[in-house]
């Protein structure tokens, strides 16, 4: 099973989280790259795609993804398993915490019929609204808050990676 991690990062925080997820996967991922340096066809080489994005401004996509997503039009990700992680500011932007997760998934799911894995509980997070929710009790993927809860990153990343590995039958 091949795993590729792709992220967009403006300040370096999403890149750092991607690297931590890669480390936690213990060599299972064979590719780690910014989408800014990626050809959309490269995504087809992997069975599992882990996408990382941060929410910018008031509920907007990170710039690398905003540029990359239109290039994915027509790409068929049917049969691919997709796991998402996102960064946001739950206190400064409580009304749109992790919105980019939802915006990203809305575009990715148009690429055939990929399967979302790694949905993550909203329990333990303080926010008002999010387009990045899977349902009332879960986000579409792992949520990280570098501004307010960086001390929880290691624990959350370890638990989320264990969950993703379990869903992939790799635990």
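Just so you know, all these numbers are worked out from the coordinates, no wet-lab data involved. Please read these numbers as outputs of a predicted model, since none were measured by experiment. Cβ placement follows ideal geometry from the backbone for every residue including glycine, while neighbour counts extend to all protein chains displayed.
Checking each residue in the range 49-79 for being under 12 Å from residue 107 (Cβ atoms), out of contact with any strand residue (DSSP E or B) (no Cβ under 8 Å at 6 or more places or on another chain) and not in a helix (DSSP H, G or I) picks out 73, 75. Inspection of the range 136-148 identifies at least one residue that is more than 20 Å from residue 8 (Cα to Cα) and in contact with a strand residue (DSSP E or B) (Cβ under 9 Å, 6 or more places away or on another chain).
Restricting 73, 19, 45, 24 to residues that are closer than 22 Å to residue 156 by Cα and out of contact with any helix residue (DSSP H, G or I) (no Cβ under 7 Å at 6 or more places or on another chain) narrows the list to 19. Would you check if there is a residue in the range 94-115 being in contact (Cβ under 8 Å) with a residue 24 or more places away in the chain, in a strand (DSSP E or B) and surrounded by 15 or more Cβ atoms within 10 Å (Cβ to Cβ)? Checking the range 94-115: not a single residue is in contact (Cβ under 8 Å) with a residue 24 or more places away in the chain, in a strand (DSSP E or B) and surrounded by 15 or more Cβ atoms within 10 Å (Cβ to Cβ).
For every residue, the table says whether it meets (1) surrounded by fewer than 21 Cβ atoms within 10 Å (Cβ to Cβ); (2) on the phi < 0 side of the Ramachandran plot; (3) over 16 Å from the mean Cα position of the chain (by Cα).
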site	(1), (2), (3)
2	yes, yes, yes
10	yes, yes, no
20	yes, yes, no
28	yes, yes, yes
42	yes, yes, yes
73	yes, yes, yes
79	yes, no, yes
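Evaluation of residue 48 against the conditions (1) buried (at least 18 other Cβ atoms within 10 Å of the Cβ); (2) under 27 Å from residue 89 (Cβ atoms) shows that the sole unmet condition is (2).
Before we move on, is residue 33 within 26 Å of residue 152 (Cα to Cα) and surrounded by 21 or more Cβ atoms within 10 Å (Cβ to Cβ)? In short, no.
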